[in-house]
1. Among the residues of the stretch 62-82, what is the count of those that are more than 18 Å from the chain's Cα centre (by Cα) and either of a type outside the set (A, V, I, L, M) or within 16 Å of the ligand (Cβ to nearest atom) (or both)?
2. Among the helices (runs of 4 or more DSSP H) contained in the stretch 257-349, which hold 1 or more residues that are among the charged types (D, E, K, R)?
3. Can you name every residue in the stretch 38-92 that is assigned to a helix (DSSP H, G or I) and among the hydrophobic types (A, V, I, L, M, F, W, C)?
4. Look at Lys64 and say whether it is closer than 21 Å to Leu131 by Cβ and in contact (Cβ under 8 Å) with a residue 24 or more places away in the chain.
5. Among Gly146, Gly174, Gly168, which is the only one that is under 30 Å from Ala227 (Cα atoms), surrounded by fewer than 21 Cβ atoms within 10 Å (Cβ to Cβ) and more than 14 Å from the ligand (Cβ to nearest atom)?
6. Among the residues of the stretch 330-366, what is the count of those that are under 20 Å from the mean Cα position of the chain (by Cα) and among the hydrophobic types (A, V, I, L, M, F, W, C)?
7. Just name the residue that is surrounded by the most Cβ atoms within 10 Å (Cβ to Cβ) out of those in the stretch 292-307 that are within 13 Å of the ligand (Cβ to nearest atom) and closer than 14 Å to Gln160 by Cβ.
Amino acid sequence: MKLSSFIAGLLPFASLILAAPVTDPEQAAIDKNKEYARKYHQYIEDTIKDRNTGCTKENIRRRKEWSKLTSAERKDYLNANLCLASKPGITPQSVIPGTRSRFDDFVSSHIQLTGNVHASGFFLAYHRHLLWLWETALIEECGYQGTQPYWDWTLHWQDQSQHPVFSGGDDSLGTNGAYLPDRDNLQINLPGVDEPVIIPPATGGGCVSGPLSEENFKVNLGPIGYAPQGPDNGLGFNPRCLTRDLSPTISQQTLRPSNVTFLLEQSCLTEFNENLDKTPNGLGVHPAGHLSVGMVELDVFISPSDPIFYLHHANMDRLFTIWQGQDQEGRTGGVWGTQTTGNVPPSANVTLDTPVPFGYLKPGVPLRELQSSIEGPHCYIYE
Ligand SMILES: [Cu+2]
């Protein structure tokens, strides 16, 4: 038998294998999520393809998953982060005594506004535009040539330490924290979640090693979100190593592809917002991304102190843009929620005219200008 006819004889069996029902629900979810992403992507490409001004296919920032960056691109991103940490900031020390750098300006904005920009009508717009400001600062103030990468935590939902962003190599954002045995549970308060969340110790707890180890990089502010707080209620200067405590338990429970599908299938902005933080089955993917990294990321106020914050929030913004992209017209005009976290204390509803606050980073920007990823100040797409 000729080889070609042998292969031809196998073809019917190959199609049988391909047609076999997909039994793994996570694999089925991955396929669905890709389909949603494709639809979003197509919409954006179609919308900008004939544009000559504003956000065009020439000037759009193409944001990629960390794993898709070359080693040199990862190093560039890391070095731009370290560059911002070495530049003087603009936040007055009379307000945040511990702030020391341009990097800390972003942490300080987040600290000042924690009670407004989480589990509120500001959440999605604030974090979307904070990322844009951060990415722009990396480019304009530190000569960064790339774009803001994202961390798709569904790629390694069983064990985040396998993701290259945590490899500890000189093209990573450092390792898990060193393992510290005999630690107590941490009790933290999360915006939008009623009861305090008890976080048992996980697989690290100590200082990270690699390019963000203590000799290269320091966390200056906090802790604020759990005891014991740093000096001046956590606003004082408290330089220390970056700590992490990767939690496979939290990741396996919540950072699954099927939970992304669940979020992308919410039908309105209210449900989308509510299910980001808390779902009928437990934690939402937004807090779970922070909690799966642990330590600094458990402290909502100072969470931008760990550079992984920006990669996690790029992924959250990516899910938001994909969700918007399923019905762009209907989903960029909506508003939801009030101006305080969990509406405590009670505050006015957010409208399209309400300025989204950014602290000392810049004056407030009306919400309507921050609704789209390719209108107003924004011009980016998630690849
Ligand atoms: Cu935040």
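The values are calculated or read from the model by the stated rules, or taken from the named source; none is laboratory data. Values in this document were obtained by computation on a predicted structure and should not be read as measured data. Note that we place each Cβ from the backbone using ideal geometry, even for glycine, and neighbour counts take in every protein chain shown.
1. 6
2. On the way: elements: 257-264, 269-277, 285-293, 308-325, 328-331.
Qualifying helices (runs of 4 or more DSSP H): 269-277, 308-325, 328-331.
3. Filtering the stretch 38-92 for residues assigned to a helix (DSSP H, G or I) gives 38-48, 66-68, 71-86.
Once the filter is applied, which keeps residues that are assigned to a helix (DSSP H, G or I) and among the hydrophobic types (A, V, I, L, M, F, W, C), the stretch 38-92 yields Ile44, Ile48, Trp66, Ala72, Leu78, Ala80, Leu82, Cys83, Leu84, Ala85.
4. Numbers: closer than 21 Å to Leu131 by Cβ: yes; in contact (Cβ under 8 Å) with a residue 24 or more places away in the chain: yes.
In short, yes.
5. Values: Gly146 fails: under 30 Å from Ala227 (Cα atoms); Gly174 fails: surrounded by fewer than 21 Cβ atoms within 10 Å (Cβ to Cβ).
Among Gly146, Gly174, Gly168, only Gly168 is under 30 Å from Ala227 (Cα atoms), surrounded by fewer than 21 Cβ atoms within 10 Å (Cβ to Cβ) and more than 14 Å from the ligand (Cβ to nearest atom).
6. Counting residues in the stretch 330-366 that are under 20 Å from the mean Cα position of the chain (by Cα) and among the hydrophobic types (A, V, I, L, M, F, W, C) gives 3.
7. Here the residue is Asp306.
Residue by residue, here is whether (1) small (Gly, Ala, Ser); (2) surrounded by fewer than 16 Cβ atoms within 10 Å (Cβ to Cβ) holds:
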| residue | (1), (2) |
| --- | --- |
| Lys34 | no, yes |
| Lys39 | no, yes |
| Ser86 | yes, yes |
| Leu113 | no, no |
| Ser120 | yes, no |
| Thr136 | no, yes |
